[in-house]
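Worksheet: the structure to be examined is printed underneath.
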Amino acid sequence: MQDLAGKVMAITGGAAGIGLAVARTWLAGGGRAVLLDFSADAIDAALSDLGEQARGVHADVGSAESVDAAYASIEAIEGRLDAVVNCAGQSKPGPTATLSDADWDALVNVHLSGTMRSSRAAYRLLKQGGGAIVNLSSISASHGMPGRASYCAVKAGIEGLTRELAVEWAPDGIRVNAVAPGYTLTALVAKLIAQGAYEPEPVIKRIPLNRMAQPEEIARPIVFLASDDASFITGSVLTIDGGMSVEGNWYR
Ligand SMILES: NC(=O)c1ccc[n+]([C@@H]2O[C@H](COP(=O)([O-])OP(=O)(O)OC[C@H]3O[C@@H](n4cnc5c(N)ncnc54)[C@H](O)[C@@H]3O)[C@@H](O)[C@H]2O)c1
């Protein structure tokens with residue numbers, strides 16, 4: 001991997017799960033990381049073992065004011081920005097027939113509008129040195145998953161936004177890509193399993209690699225896409241799902 005010394009990455013939702021694994025991977029390459037997260041406790045816990053090259057900003061991607069203030073602090077303190085990973089997210093499965101407007105709007109606001117807000121706020125800083133954005137989609141963007149209307153819709157929307165920004169900001173030297181992870185063992189997934197949203201065994205049976213991913217296995221390709229190693233890749237969506245979405249062994 002290329003030397004990331006001095007390069008600054010902002011990670012929304014960076015205090016836990018995939019975002020935290022991205023921070024660790026970026027720091028291991030010599031870069032600096034700014035975690036933008038709405039959980040102050042999670043930021044404190046994350047920073048306690050990330051070391052001096054990491055900093056946390058209490059930010060809610062659901063609010064333009066909060067996101068703009070977070071990037072203003074990066075401009076004031078780090079003075080540069082090389083990469084953004086839009087990772088903040090939540091999930092609240094339930095039947096669509098009884099889905100409230102409030103629950104629908106909440107997920108759209110955090111995932112889709114949050115990704116747009118963070119990218120918009122980062123644009124001016126990224127443009128200065130030619131940077132990269134990596135958005136978090138999901139295999140839910142291309143599969144009909146019952147009880148996940150808002151989640152499937154926002155992830156498909158994030159892929160559309162990724163392609164649009166890739167083309168609009170290419171003249172500014174900004175690359176924009178997305179990853180579409182499959183099942184990854186983070187707090188988000190552990191919570192869904194604990195709530196009885198699904199049993200893990202039938203899911204794992206459909207994954208050719210026969211297990212869920214560890215967060216680091218999603219983080220490494222994200223850091224690749226965010227770095228100059230991926231200098232000619234823009235507008236792409238990289239699926240990272242252990243083969244789940246191409247599985248065609250329907251006879252077992
Ligand atoms: N875990 C999976 O299996 C999986 C699969 C595909 C895609 N994803 C996507 O990856 C991303 C990260 O998921 P994860 O599993 O690491 O989740 P996680 O719950 O482990 O971590 C999410 C982080 O986002 C933060 N966050 C949530 N809402 C926020 C907001 N409004 N503003 C700022 N921070 C906020 C949380 O505090 C937390 O630190 C999400 O976009 C998710 O949809 C996850």
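Side notes on the structure shown:
- Distance between the stretch 18-47 and the stretch 158-182 - C-alpha centres, whole angstrom: 22 Å
- Percent accessible area from carbon and sulfur atoms, the stretch 1-82, protein chains only, probe 1.4 Å: 51 percent
- Restraint check, Lys155/Lys205; Lys7/Lys191; Lys155/Lys191, Cα-Cα greater than 30 Å: Lys7/Lys191
- Each residue of the stretch 111-119 was assigned a 3J(HN,Hα) from its phi angle through the Karplus curve 6.51 cos²θ - 1.76 cosθ + 1.60 (θ = phi - 60°); the sequence is 7, 7, 5, x, 5, 5, 4, 5, 5 Hz, with glycine and proline shown as x.
- Interchain or long-range residues, amide H under 5 Å from Leu36's placed H: Ile11, Thr12, Gly13, Gly14, Val57
- Against the criterion of solvent-accessible heavy-atom surface with a 1.4 angstrom probe, Trp169, Trp104 sort, most first, into Trp104, Trp169.
- Dipole-positive endmost among Gly30, Ala102, Ala69 within the stretch 8-106 (Cβ charges, Cα centre): Gly30
- Estimated [θ] at 222 nm from DSSP helical runs (n ≥ 4, -39500 (n - 2.57)) normalised by residues in the chain, nearest 500: -13000 deg cm²/dmol
- Measuring nothing but how far apart in sequence close Cα pairs (under 8 Å, 6+ apart) lie, relative to its length, the stretch 180-252 scores a relative contact order of 47 percent.
- Test item: Cα-centred dipole of the stretch 149-252, Lys/Arg +1 and Asp/Glu -1 on Cβ, debye: 400 debye
- Near the amide H of Ile240, within less than 5 Å, lie the amide hydrogens of Ala180, Gly182, all on another chain or at least 5 residues away, with H placed in the peptide plane.
- Within the stretch 194-252, the GluC sites (Glu not before Pro) that combine a DSSP coil assignment with at most 16 other C-beta atoms in a 10 angstrom radius are Glu247.
- Tensor-based shape of the stretch 95-252 (alpha-carbon gyration tensor, a/c under 1.5 rounded, otherwise prolate or oblate): oblate
- Of Asp101, Asp60, Asp68, the residue with the greatest mean-square motion in the GNM of the chain, using alpha carbon springs below 10 Å, is Asp101.
- The phi torsions of the stretch 136-149, fed into the Karplus equation with coefficients 6.51, -1.76 and 1.60 and a -60° offset, translate into couplings of 9, 8, 5, 5, 5, 5, 10, 10, x, 10, x, x, 10, 4 Hz, rounded to whole numbers, with Gly and Pro shown as x.
- Calculated from backbone phi, Karplus (6.51, -1.76, 1.60) coupling profile of the stretch 159-171 in Hz, x at Gly/Pro: 5, x, 4, 4, 5, 5, 5, 4, 7, 5, 9, 4, x
- When each of the peptides 121-130, 88-97 is scored by the mean number of other C-beta atoms lying within 10 Å of its residues, the order from highest to lowest reads 121-130, 88-97.
- Rolling a 1.4 Å probe across the protein heavy atoms gives the chain an accessible surface of 46 Å² per residue.
- Rolling a 1.4 Å probe over the protein chains gives Ser63 an accessible area of about 40 Å².
The values are calculated or read from the model by the stated rules, or taken from the named source; none is laboratory data. Please read these numbers as outputs of a predicted model, since none were measured by experiment. Because the Cβ atoms are built from the backbone with ideal geometry, glycine has one as well, and the counts that use them run over all protein chains shown. These accessible areas exclude ligands, DNA and RNA; they are computed on the full protein's heavy atoms, side chains included. Shrake-Rupley method; radii C 1.70, N 1.55, O 1.52, S 1.80 Å.
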